[in-house]
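What follows is a single structure, written as structure tokens, with notes after it.
The values are calculated or read from the model by the stated rules, or taken from the named source; none is laboratory data. Given the structure is predicted, the values throughout are model-derived calculations rather than measurements. Cβ: placed from backbone, ideal geometry, glycine included. Neighbour counts: every protein chain shown. Surface areas here come from the heavy atoms of the whole protein model, side chains and all, with no ligands, DNA or RNA. Shrake-Rupley method; radii C 1.70, N 1.55, O 1.52, S 1.80 Å.
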Amino acid sequence: MQLSVMFVASLMIPVLILTYTEHNPLWTSIACVMIPLGGYTLFAALTCHSGWMVWLGFPFIFLSAFQIVLSYLFGNSVVAADMFLNLRTTNPGEATELLANIYPAVIGVMLVYIPLLWLATTHIRRRVLLRCQARMKMVVTGAVCFILGCLVLVCGCNRSVKHVVRDELFPVNVIYNMGVALSESNKISNFHTTAKNFKYNPQRHSSAQCREVYVLVIGEASRAASWQMFGYERETNPLLSKREDLVLFKNVITQSNTTHKSVPMMLSSVHTSQHRELYHRKGIPALFNEAGFTTYFISNQSPQGAMIDNLAHDALHVEYVGPPHLDMQLVEAMRKALKEEKSDKILFILHSYGSHFSYHQRYPREFARFVPDDDVAVTRKNIEMIRNAYDNSIRYTDYFLNEVISTLEELDGVSTAMYYCADHGEDLFDGTKKRFLHASPTVTYHQLHVASLAWFSPIYKGLYAHKVEAARGNTMAPATTYSVFHTMADMADMRSPYIMRDASLLNPYFDYGAARYYLDDHNRAVKLDRNIGIDSEERKFFIEHGIEL
Ligand SMILES: [Zn+2]
């Protein structure tokens with residue numbers, strides 16, 4: 001019986017952690033403890049082969065271990081559908097970087113579950129069986145807990161049973177999220193069939209009589225709050241802050257705090273509230289192809305086997321730069337293409353690695369301005385080093401973007417413009433909650449508010465003075481990353497029923513009244529207002545940065 005008790009107790013660890021972190025009403029919490037306690041106990045007593053039952057319960061062990069590690073990383077929330085999709089899209093290098101830095105949680109999980117599995121194996125080998133009496137006790141205890149838990153759930157909870165079971169009851173909620181992830185994964189795999197015949201049929205309202213080069217730079221995990229130009233006190237933008245020809249967009253919120261969801265939404269014309277339509281439409285590369293551009297998608301991130309690749313691979317030239325994965329390699333690849341390319345209409349999409357964890361590895365040593373910046377474990381005692389490394393990565397982004405612009409400036413007689421927008425922000429142990437990273441199921445100000453800016457060449461300014469003037473006027477426009485597609489289309493002065501000009505940051509008639517939406521873990525559009533489930537501290541962060549919800 002000892003093994004079965006250990007088994008149930010180990011599975012209850014994440015349940016108890018979630019009871020502490022999720023702040024559910026009392027009766028919901030009681031139901032969410034009693035139902036799994038009863039369920040696991042009944043499961044352990046299904047046969048008298050207790051060793052086998054532990055191994056048969058391995059999926060529960062896996063989910064529990066995953067949950068414990070994520071609770072350590074994010075401080076709250078269950079394993080989200082996005083986490084499973086992240087497993088599909090995160091490359092081994094990124095996973096190793098992350099795991100190496102959250103080793104206290106990984107070691108803790110191993111200390112709990114490996115001895116349990118070892119003990120179960122010895123029980124199997126020695127044919128240790130659960131005694132009949134002990135098994136009966138477990139069945140009765142399990143059934144009582146389970147039934148009482150269900151009664152509390154039905155009678156005591158003021159939220160709907162479906163809602164509690166789907167969103168709060170561990171591990172049912174995680175299994176549900178796995179189902180959501182599988183369904184999304186299928187849609188991603190079928191994209192080439194579902195979007196096969198899609199066409200934008202764009203018309204160019206006007207085009208330059210000279211060569212045109214437009215650049216979209218997709219930033220990575222770059223929160224506005226750590227940019228000197230967006231009000232941060234540290235000198236993270238020594239080069240860009242000296243330029244007088246930039247237009248900052250200071251009020252841009254991401255549609256999703258995960259890369260695999262945010263970047264496709266940036267590349268696509270679909271509105272946040274039409275997420276299903278994402279799988280039926282092509283993206284910016286296809287739009288520019290149709291308009292006669294030679295398109296380049298150059299990425300410093302590995303192919304993900306996800307929607308990013310589906311949309312990016314329409315580009316006529318797709319290149320993934322190799323190690324050491326520094327963003328300046330994107331500039332080198334762009335310079336090379338500019339030298340060799342004969343076309344007079346070119347679009348570059350540069351997908352940077354920006355400030356993706358582990359920050360320390362995102363910049364060459366000469367950019368280590370803020371020290372110490374060692375590559376250390378994610379623990380609160382290392383906050384200073386982690387923040388230093390993050391700020392250095394922003395400083396490197398500053399250099400990288402300045403080099404992108406310098407490259408475009410060197411092009412003689414060419415109409416060029418660049419738009420930069422980060423895919424999402426990042427938590428860096430801010431405020432009292434001390435959360436870290438991005439992609440958590442509940443959002444924060446620092447994950448939502450992204451850095452965004454544009455640059456226009458003198459020739460472009462001459463041709464499209466009204467667009468540049470409008471961009472300057474839109475510096476506080478309440479936008480989301482939904483605007484990325486429409487801003488790029490407007491940059492090249494395109495029209496199509498799918499191009500929403502009132503979402504373009506280059507349009508004097510940008511719709512300031514449009515509601516902003518955010519995609520939740522189940523891809524539902526949640527209105528970005530005071531009811532998004534943020535507390536007063538987060539609200540204060542928004543207000544401090546001039547963002548009204
Ligand atoms: Zn990202």
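Determine which member of the set GLU548, GLU538, GLU544 is under 17 Å from ILE253 (Cα atoms) and buried (at least 16 other Cβ atoms within 10 Å of the Cβ).
The unique qualifying residue is GLU538.
Does VAL139 count as over 30 Å from ASN310 (Cα atoms), touching a residue at least 60 places away in the same chain (Cβ under 8 Å) and open to solvent by 40 Å² or more (accessible area, probe 1.4 Å)?
Criteria met by VAL139.
Report whether or not VAL213 is of a type outside the set (Gly, Ala, Ser), in contact with a Leu (Cβ under 7 Å, 6 or more places away or on another chain) and either at pLDDT below 95 or buried (at least 18 other Cβ atoms within 10 Å of the Cβ) (or both).
Yes.
Which of the helices (runs of 4 or more DSSP H) found entirely inside segment 49-144 contain at least 3 residues meeting this: over 25 Å from the mean Cα position of the chain (by Cα)?
50-56, 58-74, 103-125
Please name all residue pairs, on different chains or six or more residues apart, with Cβ atoms under 6 Å, provided the first residue is in segment 463-489 and is over 28 Å from ASP529 (Cα atoms) and touching a residue at least 24 places away in the same chain (Cβ under 8 Å) and the second residue is hydrophobic (A, V, I, L, M, F, W, C) and open to solvent by less than 10 Å² (accessible area, probe 1.4 Å).
LEU463/ALA208; LYS467/LEU506; VAL468/PHE456
Collect the residues in segment 455-491 that are surrounded by 23 or more Cβ atoms within 10 Å (Cβ to Cβ), in a loop (DSSP other than H, G, I, E, B) and more than 21 Å from the chain's Cα centre (by Cα), keeping them in residue-number order.
ASN474
Within segment 227-247, can one find any residue that is more than 18 Å from HIS313 (Cα to Cα), within 16 Å of the ligand (Cβ to nearest atom), among the hydroxyl-bearing types (Ser, Thr, Tyr) and surrounded by 23 or more Cβ atoms within 10 Å (Cβ to Cβ)?
no
Among the residues of segment 306-341, how many are under 20 Å from GLU290 (Cβ atoms) and not hydrophobic (A, V, I, L, M, F, W, C)?
The qualifying residues number 6.
Counting only residues that are farther than 30 Å from HIS486 by Cα and either within 13 Å of the ligand (Cβ to nearest atom) or in contact (Cβ under 8 Å) with a residue 60 or more places away in the chain (or both), how many does segment 415-446 have?
Number of matching residues: 8.
Are any residues in segment 329-368 of a type in the set (A, V, I, L, M, F, W, C), away from the ligand (no atom under 16 Å from the Cβ) and not in a helix (DSSP H, G or I), and if so, which ones?
Passing the criteria: ILE346, LEU347, PHE348, ALA368.
Consider segment 249-264. How many of its residues are of a type in the set (S, T, N, Q) and away from the ligand (no atom under 11 Å from the Cβ)?
Qualifying residue count, segment 249-264: 2.
Residues to consider are SER415, SER440, SER452; find the one that is modelled with pLDDT of 95 or more and within 23 Å of the chain's Cα centre (by Cα).
One residue alone meets the criteria, SER452.
Going residue by residue through segment 38-47, is there one that turns out to be in a helix (DSSP H, G or I), open to solvent by less than 20 Å² (accessible area, probe 1.4 Å), of a type in the set (A, V, I, L, M, F, W, C) and closer than 30 Å to HIS260 by Cβ?
no
In segment 295-317, how many residues are buried (at least 19 other Cβ atoms within 10 Å of the Cβ) and in contact with an Asp or Glu (Cβ under 8 Å, 6 or more places away or on another chain)?
Going through segment 295-317 one residue at a time, the tally reaches 7.
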